[in-house]
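Working notes, beginning with the structure itself.
The values are calculated or read from the model by the stated rules, or taken from the named source; none is laboratory data. Predicted model only: the values in this text are computed from it and were never measured. All Cβ positions, glycine included, derive from the backbone under ideal geometry; neighbour counts span all protein chains shown. What goes into the accessible areas is simple: the full protein's heavy atoms, side chains included, and nothing from ligands, DNA or RNA. Shrake-Rupley method; radii C 1.70, N 1.55, O 1.52, S 1.80 Å.
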Amino acid sequence: MKHKILIVDDEADIVTMLKSYFEFNGYDVLTAMNGLEAIEKAGKQPDIILLDINMPDIDGMEVCSRIRNFVCCPILFLTARIDDSDKIKGFGIGADDYIVKPFSIDELGARVSAHIRREYRQRESSKVRLDHNLAIDYTERCLYYDGNLIPLSKKEFDIIELLSQHRGQVFSKERIYELVWDYDSEGEVSVIAEHIRRIRIKFKDADIRPYIETVWGIGYRWAK
């Protein structure tokens, strides 16, 4: 089965290069040259989206924010430069990864493949697990407390899924990044602490006890 990829960039040369590469590697490729077109094409439910941040009119951040309520596939930002504050903002609105230009096309292909593999593994997870008033539906990727849906970004759920399925086991930030992002990359683990912080705020707002514990100097674990 062909995987469908949406490539969004206002630079025609980049779109042409990526389209040729992914078609050669067996993907069904959709393309968009601006934000409005990207929002329209996202409705075709691709398996993954490559989204340039710096576009005129509607930039990639705004596109990501607008489509996240109806698109659940991984979104990988393409950008010429990025700092930690932009990463935190991007992850907060639903981005899954960043690719910095100029990039190795083979590295990009490996990241795309890794994200898609993880998506299909998740679909094979068990249906529902209960812990007191907490219900986790691993297939629908939803978290409920006292019957109320707790809104989570894709990566927030991924972290909860990993930790909750290995209760009591301690994971370092590096290991969480490797398993959740499914790609070994140094220098990116700072985003784990930000995702954990956001999860804890949502748990506190919903009066959920702090299931995620910090093991100082080591990492995090899901409380037994």
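The set of residues in the stretch 2-18 that are farther than 13 Å from Gly109 by Cα and part of a strand (DSSP E or B) comprises Lys4, Leu6, Val8.
Go through the stretch 137-189 residue by residue and tally those that are among the small types (Gly, Ala, Ser), buried (at least 17 other Cβ atoms within 10 Å of the Cβ) and either within 15 Å of the chain's Cα centre (by Cα) or modelled with pLDDT under 90 (or both). Walk me through it before giving the result.
Initially, the stretch 137-189 is screened for residues among the small types (Gly, Ala, Ser), giving 147, 153, 164, 168, 172, 185, 187.
Still in the list and also buried (at least 17 other Cβ atoms within 10 Å of the Cβ): 153, 164.
Keeping just the survivors that are either within 15 Å of the chain's Cα centre (by Cα) or modelled with pLDDT under 90 (or both) gives 153.
Number of matching residues: 1.
Which residues, taken from the stretch 207-224, are open to solvent by 30 Å² or more (accessible area, probe 1.4 Å) and either over 11 Å from Gly168 (Cβ atoms) or assigned to a loop (DSSP other than H, G, I, E, B) (or both)? Asp207, Arg209, Pro210, Thr214, Trp216, Gly217, Ile218, Lys224, listed by residue number. Listed by first and then second residue, the pairs linking a residue in the stretch 1-27 that is touching a residue at least 12 places away in the same chain (Cβ under 8 Å) and open to solvent by 70 Å² or more (accessible area, probe 1.4 Å) to a residue that is of a type in the set (Asp, Glu) and outside any loop (DSSP other than H, G, I, E, B), with Cβ atoms under 9 Å apart and 6 or more places separating them unless they lie on different chains, are Lys2/Asp28; Glu11/Asp52.
Looking at Lys19, Lys101, just one residue is farther than 27 Å from Tyr177 by Cα and of a type in the set (Lys, Arg), and that residue is Lys19. Modelled with pLDDT of 85 or more, in a strand (DSSP E or B) and over 18 Å from Leu6 (Cα atoms) - does that describe any residue in the stretch 126-135? Yes - at least one qualifying residue is present in the stretch 126-135. Pairs meeting the criteria (first residue in the stretch 40-55 and under 14 Å from Arg66 (Cβ atoms) and open to solvent by 50 Å² or more (accessible area, probe 1.4 Å), second residue aliphatic (A, V, I, L, M) and outside any helix (DSSP H, G or I), beta carbons under 9 Å, at least 6 apart or on different chains) are Glu40/Ala32. Only one entry in Val100, Val71 is free of Cβ contacts under 8 Å to residues at least 60 places away in the same chain, among the β-branched types (Val, Ile, Thr) and open to solvent by less than 10 Å² (accessible area, probe 1.4 Å), namely Val71.
So, in the stretch 190-206, of the ones that are surrounded by 13 or more Cβ atoms within 10 Å (Cβ to Cβ) and within 25 Å of Asn133 (Cα to Cα), which residue ends up nearest to the chain's Cα centre (by Cα)? Here the answer is His195.
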